[in-house]
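The block underneath contains the structure these notes are about, expressed in structure tokens.
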Amino acid sequence: MKPLTQPALAEFLDRFDNFKGAELRELEVVNPFEIKLVIATQDKARGFDWITVEFLFSSVEAANLVEDNQLNFIDMEEGISILFNENKFAFGIGACYNISAIKSSSLYIISETLKYQEGQF
């Protein structure tokens, strides 16, 4: 897995068009401090082929999660937001421009580190 860094965050989100129209595939609480999330999306760098991106959130400090069987019902039309604020990553569903908006998202995770890995669709 590759660490996602604050300087590379905007380029990463642009590459996947903020995951607009993506599919949430899997959500797993690995342990009380780690959460894995898998999203299927289109990749600009591969001619818009579909791939999966697995995120690993570590040192999780706050989260609002849903059951795996509810992932298909989350509207991904606006994609995701990942903000870096106060040395923490804040992930949320939809177009969120601050931590408060992320915390009102249907699914959010706030963690100290964030890694990702690309996989096959």
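The values are calculated or read from the model by the stated rules, or taken from the named source; none is laboratory data. None of these values were measured; they are calculated from a predicted model. Please note: Cβ atoms are built from the backbone with ideal geometry, for glycine as well, and neighbour counts cover all protein chains shown. To get the accessible areas, we keep the full protein, side chains included, count just its heavy atoms, and leave off ligands, DNA and RNA. Shrake-Rupley method; radii C 1.70, N 1.55, O 1.52, S 1.80 Å.
Can you give me the relative contact order of the chain as a percent, contacts being Cα pairs under 8 Å and 6 or more apart? Worked out over the chain, it gives 29 percent.
Each label point was placed 7 Å from the Cα along the Cα-to-Cβ direction; for Glu61 and Asn31 their separation is 2.0 nm. Calculated accessible area for the range 1-89 comes out at 57 Å² per residue, all protein chains present (probe 1.4 Å; ligands, DNA, RNA ignored). Within a straight-line Cα-Cα reach of under 15 Å, Lys44 can be paired with the following aspartates and glutamates, leaving aside sequence neighbours fewer than 8 residues apart in one chain: Glu11, Asp14, Asp17, Glu118. At 0.36 nm per residue, and after removing the present C-alpha to C-alpha distance, how many nm does the segment from Glu78 to Ala8 gain when stretched out fully? My answer for the length gained is 23.1 nm. Please check: in the Gaussian network model of the chain (C-alpha springs, under 10 Å), which one of Gly94, Gly21, Gly79 has the largest mean-square fluctuation. Evaluated over the chain, the most mobile residue of the options is Gly21. Over the chain, one equal point on each Cα, no solvent: what is log10 I(q)/I(0) by the Debye formula at q = 0.09, 0.17, 0.23 Å⁻¹? The calculated log intensity ratios at q = 0.09, 0.17, 0.23 Å⁻¹ are -0.20, -0.80, -1.65. Between the exposed loop cleavage positions of the chain, defined as GluC sites (Glu not before Pro) in a non-H, G, I, E, B DSSP state with at most 11 neighbouring beta-carbon atoms within 10 angstrom, the longest gap is 1-66. Run the accessible area of the chain with a 1.4 Å probe and give the carbon-and-sulfur part as a rounded percent. Of the solvent-accessible surface of the chain, carbon and sulfur hold 45 percent.
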